């Protein structure tokens with residue numbers, strides 16, 4: 001194998017598993033250390049710069065970072081990254097003065113943002129400091145999009161959302177609320193230099209089974225139901241509720257129902273439990289509220305009696321998987337099951353829908369009515385129109401929408417400056433030794449076995465009474481500190497200097513997880529078989545040095561390195577050093593300069 | 001500075017035959033200087049014990065005083081241990097061995113502990129063929145007292161302060177050969193592929209197994225001109241043979257070229273596999289070993305590997321004809337069988 005090129009910005013980025021897995025690439029270990037140091041404001045600002053909605057995401061993020069967390073590979077559970085983000089948001093001080101301060105000198109360019117969700121808001125935040133005149137359109141009376149309509153208040157208090165939406169709107173965004181854009185043509189006829197579409201995936205799928213037409217009055221679509229509750233158009237539901245679907249929307253619907261008068265709330269899912277799309281913690285939270293979840297039961301018919309919904313008939317199936325992983329649901333032959341219901345909520349997915357975009361404007365659409373976009377620039381086939389968030393490639397999540405927003409903002413800025421959109425700015429990277437003395441590091445390098453801490457919940461008898469009472473209470477400062485200490489500081493990299501090494505083996509001997517091997521070079525597949533410990537995780541790289549005087553090379557399997565720094569402590573020649581790697585994705589504007597954080 | 005090693009280990013480590021992973025053979029984190037050769041030797045001991053599936057309670061580690069003699073803290077935390085007086089490790093081991101012949105005795109000493117203050121003890125342990133592994137972690141200086149030349153420092157070797165050593169070195173391996181030690185080897189802390197099988201073979205050898213392991217002192221004796229620095233040893237090392245240890249009941253898997261290879265069966269059925277690199281050398285011929293040693297030395301080379309083995313070794317218990325049962329387990333009944341037995345003994349003299 002060739003020696004590892006550590007100058008490639010992606011090499012060490014990949015070692016920071018959480019950050020690499022995050023669509024917005026938030027520098028997670030960096031802010032977790034600040035939380036441990038009680039520097040919540042700075043921790044918040046690092047998040048704000050990267051993911052724009054730390055308070056929202058600290059409660060509701062899909063957490064792609066957590067399954068990636070290295071601690072999850074050496075211990076049962078990963079660091080509770082999402083909940084730590086909330087600790088920063090809950091305990092921060094005044095932050096507004098650390099954000100870019102308007103008014104900004106206008107640059108003469110006008111941009112329309114259609115849809116007031118996380119994607120549009122991110123574009124707005126990234127472009128506002130550069131002097132763009134931004135016009136945000138949304139059909140609802142407030143900004144936030146799906147974050148407001150789809151996430152129930154017991155998971156995300158309205159004031160948290162308002163605060164973070166307003167940080168952006170207060171940067172001088174022109175808002176056009178209660179305005180449903182009915183025609184893209186009309187927008188294009190106005191004098192906007194660029195139009196950004198962040199309208200999400202607003203169409204909930206229906207399920208027109210026999211009896212649907214007759215029972216329609218008591219059948220609702222999940223995302224519409226949640227929006228109606230959020231805007232207080234709906235405030236009650238029947239005592240017996242069936243929710244169809246196994247995703248997070250289904251979990252939000254059933255828990256909301258429980259708060260609006262539902263007594264027997266049942267979630268019925270056609271697939272096995274392990275295939276449910278809902279996040280495990282959301283399933284747990286639903287079950288904690290005595291909601292029954294039934295699996296392997298596809299609905300067959302809405303039963304109507306005297307013109308009113310009576311219940312739903314379900315079949316029974318089992319799942320079989322072909323070798324390629326494809327699933328088939330096979331009826332078991334057991335008798336059908338009838339479940340009584342006053343109301344049914346259908347939460348089986350949502351689709352993109354652009355009824356308001358005329359098809360003769362030059363904006364091409366592909367399969368499933370999804371716009372044809374450049375995957376890097378988010379530009380549509382009509383050069384001045386960009387897409388982002390769920391509207392771009394179909395339903396994802398908030399953090400993905402934010403990431404799209406950053407990319408689109410860069411594209412829009414390049415576009416408005418008549419530059420090549422593929423000429424993307426590089427990430428900002430910084431690699432700095434953490435050595436303070438012979439065996440002293442700037443970070444707390446001792447790694448203890450330390451299982452994940454439990455987060456407290458509001459008492460059920462209280463939280464179920466009012467849909468606005470937040471259920472998850474968040475870590476207090478003490479537990480937050482303990483959880484923060486579980487972080488392995490994967491951004492503090494083990495950096496090897498071949499020409500300093502005297503091959504004394506001290507690093508190999510001391511490494512608690514046997515990551516380091518000195519051996520003859522070879523091809524990767526074969527090399528992986530003769531390292532000191534099995535190197536079976538192919539998603540993790542081998543770090544390979546140049547050839548040493550004994551003709552061997554140093555090979556480090558990044559997989560379960562604890563970043564404890566013992567290799568560097570036991571190295572007599574400082575051939576190993578612990579260096580902190582900061583990786584910031586490119587942004588249109590250097591938010592660091594206004595914030596006091598992480599210089 | 002870390003005072004403790006994380007308790008985590010690689011999740012996929014294999015268990016050996018007695019159900020332990022390598023980590024189970026480790027000790028606490030070393031307080032020796034970073035990069036000390038002694039730590040590598042500790043690592044080799046851990047590796048060897050893991051590979052031979054040693055039950056940790058079957059081994060006693062003993063040491064004297066010095067950097068080397070601190071190391072038993074850094075390996076085999078679950079074994080017996082005795083940190084004795086300076087240079088007196090051999091007599092403590094003799095006593096322990098006499099009382100309980102069932103344990104494996106691993107003595108760890110340094111060049112000061114062995115070649116100076118403990119020389120008298122060392123030579124008598126050899127003479128008696130005490131069943132033990134005797135490892136000298138040989139760095140040619142007194143590291144614990146800031147690096148003065150020791151008795152094993154080579155003539156002319158330059159100290160860190162810049163002066164040449166005016167005295168002749170004591171070659172401990174040569175001395176052991178001279179005194180008819182039944183197993184003599186030399187190795188280098190930086191060469192685990194040689195050292196690990198050598199430790200395993202030494203443990204299987206019934207008698208005094210001496211290992212002179214050159215172990216650079218990074219702090220006081222790793223300078224240019226020193227003959228015990230990492231770079232000097234690497235440049236001047238040569239080996240009697242490529243060496244492997246094959247435990248009893250395991251198949252030999254490596255094929256060496258015919259004519260050059262030799263196989264030696266040890267007392268317990270395990271085998272040593274050799275592929276000879278040195279001409280005119282026979283591992284069971286003491287004179288050839290002495291000759292090779294001197295020939296290499298004359299060329300300024302450091303000869304490593306197995307130097308000599310006596311496969312007919314009879315250890316101290318054998319010489320004394322003691323009973324098979326460890327003496328400390330003999331009960332009063334066995335020790336005082338009663339007047340009837342005494343009568344019989346007396347009758348045999350009439």
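Rule-based calculations on the coordinates, nothing more; no lab input. Treat the numbers as computed from the prediction; the structure is a model and nothing was measured. Glycine gets a Cβ as well: all are built from the backbone with ideal geometry, and neighbour counts include every protein chain shown.
Determine the shielding of peptide A:497-507 by partner chains: average, over its residues, the number of Cβ atoms on other chains within 10 angstrom of each Cβ.
For this peptide, the per-residue mean of nearby foreign Cβ atoms is 5.
What percent do you get for the relative contact order of the stretch A:492-584 when only Cα pairs under 8 Å and 6+ apart count?
Details: 147 pairs, mean separation 40.8, N = 93.
Reported as a whole number, the value is 44 percent.
Compute the relative contact order of chain A as a whole-number percentage, counting only Cα pairs closer than 8 Å that sit 6 or more residues apart in sequence.
On the way: 1262 pairs, mean separation 109.5, N = 599.
Here the relative contact order equals 18 percent.
Going by how many other beta carbons lie within 10 Å of each one, how would you line up A:97, B:109, B:241, fewest first?
Listed from fewest to most nearby Cβ atoms, that is A:97, B:241, B:109.
For an R0 of 45 angstrom, estimate the FRET efficiency from the Cβ-Cβ distance between residue A:37 and residue A:290 and round to the nearest 0.05.
Computed FRET efficiency for residue A:37 and residue A:290 comes out at 0.65.
With Rg and the Kirkwood Rh both taken from Cα atoms, where does Rg over Rh land for chain A?
On the way: Rg = 26.3 Å, Rh = 26.3 Å.
Using Cα coordinates only, the ratio equals 1.00.
Name the shape class, rounded, prolate or oblate, that the alpha-carbon gyration tensor gives for the stretch B:22-317, where a ≥ b ≥ c are the square roots of its eigenvalues, rounded holds for a/c under 1.5, and otherwise prolate holds if a/b is larger than b/c and oblate otherwise.
Taking the square roots of the gyration eigenvalues as a ≥ b ≥ c, the stretch B:22-317 is rounded.
For the stretch B:1-109, what is Rg from Cα atoms divided by 2.2 N^0.38 Å, rounded to two decimals?
1.09
On average, how many beta carbons from a partner chain sit within 10 Å of the beta carbon of a residue in A:559-570?
Average per residue, whole number: 3.
How would you order B:179-192, A:113-126 from highest to lowest mean count of nearby Cβ atoms within 10 Å?
Highest-to-lowest ranking by the protection proxy: A:113-126, B:179-192.
Ranked highest first by the average count of other Cβ atoms within 10 Å around their residues, in what order do B:66-76, A:470-480 fall?
Taking the mean over residues of other Cβ atoms within 10 Å, the ranking is B:66-76, A:470-480.
Among B:41, A:330, which comes first, second and so on when ranked by fewest other beta-carbon atoms within 10 Å?
Ascending Cβ contact count within 10 Å gives the list A:330, B:41.
List the extent of the Cα atoms of the stretch A:206-299 along each of their three principal axes, largest first, rounded to whole Å.
In descending order, the Cα extents are 32, 29, 20 Å.
Divide by every residue of chain A the summed helix terms, -39500 (n - 2.57) for each DSSP H run of at least 4, and state the resulting mean residue ellipticity at 222 nm, rounded to the nearest 500 deg cm²/dmol.
-7500 deg cm²/dmol
What FRET efficiency comes out for residue B:14 versus residue B:82 if R0 is 35 angstrom and r is the Cβ-Cβ distance? Round to the nearest 0.05. Kindly include the intermediate steps, with their values, before the conclusion.
Details: r = 31 Å, r/R0 = 0.89.
After rounding, the FRET efficiency stands at 0.65.
Report, in degrees rounded to the nearest 10, the 0 to 90 angle that the Cα long axis of helix B:37-51 makes with the longest principal axis of chain B.
The angle comes out at about 40 degrees.
So if I take the alpha carbon set of the stretch A:492-584, get Rg, then get Rh from the Kirkwood formula, what is the Rg over Rh ratio?
Radius of gyration relative to Kirkwood radius: 0.94.
Take the alpha carbon atoms of the stretch A:8-33, find their center, do the same for the stretch A:475-518, and report the distance between the two centers in whole angstrom.
16 Å
Under the rule a/c < 1.5 gives rounded, and otherwise a/b versus b/c splits prolate from oblate, where does the stretch A:275-347 land using the Cα gyration tensor?
Cα axes put the stretch A:275-347 in the oblate bin.
Mind checking the angle between helix A:158-169 and chain A's longest principal axis? C-alpha axes, 0 to 90 degrees, to the nearest 10.
Computed tilt is about 70 degrees.
Ranked highest first by average number of other Cβ atoms within 10 Å, how do A:208-214, B:141-147 line up? Please report the intermediate quantities before stating the final value.
On the way: A:208-214: 14.9, B:141-147: 19.6.
Most protected by this proxy first, the peptides run B:141-147, A:208-214.
Taking Rh as the Kirkwood radius computed over C-alpha pairs, what is the Stokes-Einstein D of the stretch A:336-438 at 10 °C in a medium of viscosity 1.306 mPa s, expressed in µm² per second?
93 µm²/s
Treat each spin label as a single point 7 Å out from the Cα along the C-beta direction, and report the residue A:260 to residue A:186 distance in nm.
About 3.0 nm, to one decimal.
In which sequence would A:390, A:264, A:193 go, from the one with the fewest C-beta neighbours within 10 Å to the one with the most?
With the sparsest Cβ surroundings first, the list reads A:193, A:264, A:390.
Rounded to the nearest 5, what % of DSSP beta bridges with both residues in chain B are antiparallel?
40 percent
Can you give me the relative contact order of the stretch B:22-317 as a percent, contacts being Cα pairs under 8 Å and 6 or more apart?
17 percent
Please average, across the residues of B:29-39, the number of beta carbons from any other chain that are within 10 Å of each residue's own beta carbon, and give a whole number.
Across B:29-39, the average partner-chain Cβ count within 10 Å equals 5.
Does anyone have the angle between helix B:89-99 and the longest principal axis of chain B? Alpha-carbon axes, 0 to 90°, nearest 10?
Between helix and principal axis, roughly 20 degrees.
When the helix-only estimate is applied to chain B (DSSP H runs of n ≥ 4, each -39,500 (n - 2.57), divided by the residue count), what is the mean residue ellipticity at 222 nm, nearest 500 deg cm²/dmol?
-8500 deg cm²/dmol
I want the antiparallel fraction of DSSP beta bridges within the protein assembly as shown, as a percent rounded to 5.
Of those bridges, close to 50 percent are antiparallel.
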